[in-house]
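Coordinate-derived values only; no laboratory data. Remember, it's a predicted structure, so these values are computed and weren't measured experimentally. Every residue, glycine among them, receives a Cβ derived from its backbone with ideal geometry; neighbour counts consider all protein chains shown.
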Ligand code: E4P
């Protein structure tokens with residue numbers, strides 16, 4: 001299972017990478033805006049800076065919503081670095097763009113996926129990654145994890161090569177359940193990754209070990 005961090009913040013990306021468990025990064029236009037990144041040159045420079053930190057893939061999302069725009073933007077993004085994956089929204093022209101990029105050998109991440117039907121379309125079109133948004137489904141009282149289970153089952157039935165990249169992950173139980181269900185990748189905020197560290201028995205056990213050691217050493 002791969003861990004991607006869901007942010008455009010360079011400090012958070014470095015912190016997760018330094019922990020030794022980070023594979024790649026996902027961004028979206030909202031996350032880029034949150035860091036105050038705008039303008040073509042700044043956006044490209046920021047993606048390059050992210051690619052220079054991590055070893056695996058970095059998703060960079062197109063803004064265009066028509067086929068021609070997505071193709072020209074995606075080609076530009078793919079030139080930034082070999083690690084770039086072009087993120088394409090699950091809309092009609094997006095499906096065509098997924099197919100085009102597949103034929104050109106450019107990796108894609110199909111984003112804004114909320115149903116099994118959309119997942120089938122993306123896989124048929126040759127998406128490299130599929131991003132079902134589990135937290136946003138939970139927000140509207142649909143079970144996001146159930147969607148991951150459904151897609152994993154369908155992809156296994158047909159041997160689809162598209163990797164399931166669970167997105168909109170909000171807490172550690174989301175991540176653990178995604179691992180149980182066989183998601184290939186989980187993308188989440190830094191606090192979800194560091195949250196996996198926490199257990200009160202680890203803290204109390206360590207405190208006891210250190211206290212016993214100090215006692216035996218006569219401190
Ligand atoms: C990542 O690819 C998605 O854009 C992101 O996980 C969405 O997360 P959110 O629902 O917390 O905005």
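Structure values in brief
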read-out: Choice from 134, 193, 63 showing the highest fluctuation, given a GNM over the chain with Cα pairs closer than 10 Å; value: 63
read-out: For segment 145-219: rounded, prolate or oblate by the Cα gyration tensor [a/c cutoff 1.5]; value: prolate
read-out: Potential extension, residue 18-residue 208 segment - 0.36 nm per residue separation minus Cα distance; value: 65.6 nm
read-out: Cα gyration tensor shape of segment 67-133, rounded if a/c is under 1.5, else prolate or oblate by comparing a/b with b/c; value: prolate
read-out: Dimensionless Rg over Rh [the chain; C-alpha; Kirkwood]; value: 1.07
read-out: Percentage relative contact order, segment 29-115, counting C-alpha pairs under 8 Å, at least six apart; value: 24 percent
read-out: In degrees, nearest ten, helix 172-181 long axis to first principal axis of the chain (Cα); value: 60 degrees
read-out: Angle in degrees between helix 200-216 and the longest Cα principal axis of the chain, rounded to the nearest 10; value: 30 degrees
read-out: Gyration tensor verdict on segment 129-170 (Cα atoms; rounded if a/c is under 1.5, prolate if a/b is larger than b/c, oblate otherwise); value: oblate
read-out: Per-residue Cβ neighbour rank within 10 angstrom, fewest leading, 133, 101; value: 133, 101
read-out: Nearest-ten-degree value, helix 40-53 long axis tilted from longest Cα axis of the chain; value: 40 degrees
read-out: Where labels lie 7 Å past Cα in the beta-carbon direction, separation of residue 53 and residue 75 in nm; value: 3.1 nm
read-out: Normalised contact order of the chain, rounded percent, pairs of Cα under 8 Å and 6 or more residues apart; value: 17 percent
read-out: Globularity index of segment 1-99, i.e. its alpha-carbon radius of gyration over 2.2 N^0.38 Å; value: 1.06
read-out: Value of relative contact order over segment 102-211, rounded to a whole percent, pairs C-alpha under 8 Å and six or more apart; value: 21 percent
read-out: Computed over segment 63-180, the ratio Rg/Rh where both radii use C-alpha atoms and Rh is Kirkwood; value: 0.98
